1. How high is the relative contact order of the range 1-137, in percent, counting Cα pairs under 8 Å that sit 6 or more residues apart?
2. The range 99-151 to the range 210-231: how many Å between their Cα centroids?
3. What is the local net charge at Val477, summed over the other residues whose Cβ is closer than 14 Å to its Cβ (Lys, Arg +1; Asp, Glu -1)?
4. Cβ under 12 Å from Tyr209's Cβ, Tyr209 left aside: what net charge do those residues give with Lys, Arg +1 and Asp, Glu -1?
5. Please give me, ordered by residue number, the trypsin sites (Lys or Arg not before Pro) of the range 170-258 that lie in loop per DSSP and have at most 12 other Cβ atoms within 10 Å.
6. Under unit Cβ charges (Lys, Arg +1; Asp, Glu -1), what dipole magnitude, rounded to 20 debye, does the chain have relative to its Cα centre?
7. Would you tally the net charge around Leu18, using a Cβ to Cβ cut-off of less than 14 Å, leaving Leu18 out, and scoring K and R as +1, D and E as -1?
8. Sort Cys104, Cys133, Cys75 so the one with the fewest other Cβ atoms within 10 Å of its own Cβ comes first.
Amino acid sequence: MSTNQIQTAVQTVTTQQLSNQFGSQRYALLFAPGTYGTATAPLQFQVGFYTDVQGLGASPNDVVVNGSIDVYNQCDSTGCNALDNFWRSLSNLSINVTTPNAGCYTGEFWAVSQASPLRRVNVNGNMTLMDYCTGPSYASGGFIADSITGPIVNGSQQQFFVRNSNIGTWSNAVWNQVFSGVVGAPAQSYPNPTYTTLPSTPVSREKPYLYIDGNGKYNVFVPTAERATTGNDWTGGSGQGYSKPIASFFIVRPGVSVDEINLALLFGKSLIITPGVYNLDKSSNVLYPNTIVLGLGLATIVPQTGRPAMTIADVGGVQVAGLIFDAGPVRSDVLLQVGPRRASFFGKLFGEDDRDHSANPTSLNDVYFRIGGATLGTATTSLEVNSNNVILDNIWAWRADHGAGAAWTVNKADHGLVVNADNVTATGLAVEHYQKEQVLWSGNGGETIFYQSELPYDPPSQSSWTDGAANGYASYVVANNVKTHQAYGLGIYSFFNHGINIIEDNAMTVPQSNGIAIHDAGTVFLNGSGQITHVINGTGGTVSAANSGTVSPVVTYP
């Protein structure tokens, strides 16, 4: 295809999707191996909502774009910002940044907030994570993994997480910037500036991806789990892992029934879920180890009858990636359940809770949850993890603060994430606006690297948001039975917007144990009323209107 043909095709998608925040349209823009655009006729386009841009090479170097693939601010009567630039992605290609005659928009612009990852991308040239061309240009969080970049302007990004990458320079910090296994990352300096830097990532598993081999056949590359890693893993090749031929996948298209999906899973097929919204009257059930469930175009699953959208057996090596789970009209107890509920007393005697999947962990990459916003929906818990050694990599669980049915008594949801298993690791976790604990962690050996959380905006009274004798619910709670837990780079924020003096006593609560340590945690009062009194267990200063926008830090607890 010529550059003009491609530009016309993608512009049609862009025009529709730039403001289509809660629409049902889904798109995957897939680039076959080759070179697109030239120095004099570059390929430049914007990425809107529910648009997944991917290269189809075995390596990011197999698909080269001369030009830029951008996300800009959205503008309305209040100004221009990137605070709602959600649900889009860019992966597995190289960009030779070529932007002649672009005016202010010179460079690669990726002005996003949550659920908009950049993975396996090689950016040759300048890159900015804020759109400084229109103001006030606020942005609120993002994720980069397994990438190589030149100089990066962080700008107004309030928080950001970069994992296992090689970057040029990083311009500045705001509230919470976390780097794990990143060559070129700023030095550890929290809270001034607010950089949290880990020299390596303790455990990770990259996202599976579709590619075309040298014979023109489609395959899915399945990365293996790695430990204590630094930098990207594909320089000189495709990285650590193995390939699955397309014949081993059941291709899920709109209109396919959940019975057909479950039959394919029963017969040992993996799934590729093509772009669309899937309303399911039953759960889809992943039964076997090493099953891949790969969504394209931010495919969206919505349970209709109160059952989980998906369940995963207590097996190793399952990878679920690139999906949105929306709550449906009948309250679900849980949207995605990884492993069955923990065993009974007699089951525990026989070791049913002790399955060790460390050699081949299950992983969730770029998996998102919504309670309301796009549609009326309710669920008690969005994600429940009952299997040991699971990796959660770029998870956003969001109880909607705007959109359809966003009201305290309508889009009801208690928890974004409940962890009941041991040795679960979260690398890039955002959980926001739920009505009780955002995260409730009761397994040992857990570790979180980067956490972002806004408390619910809309408690109608203090009495409606009270945890026993405590004012409010802590956002990140490690249960009293837990003996070992680590967390790095946590930001918890308040915006009680009903004009009521809502108080949260502690943003975090953890047991007093020698095996528990929290590093670089802070709170911020964004706007509105009320306060967060302490950061963790009565430690850390109060944030309120008196110090709005300022971090109250706790460097190490205890």
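The numbers here are math on the coordinates, done by the rules we state, and not lab data. Every value quoted in this text rests on a predicted model; they were computed, and no experiment measured them. All Cβ positions, even for glycine, are placed from backbone atoms using ideal geometry, and neighbour counts span all protein chains on display.
1. 22 percent
2. Cα centroid to Cα centroid, the span is 25 Å.
3. Neighbour charge sum, excluding Val477 itself: -4.
4. After counting each charged neighbour, the total is -1.
5. Listed in order of number, the matching sites are Lys217.
6. 620 debye
7. Net charge in that neighbourhood comes out at -3.
8. In increasing order of surrounding Cβ atoms, one gets Cys104, Cys75, Cys133.
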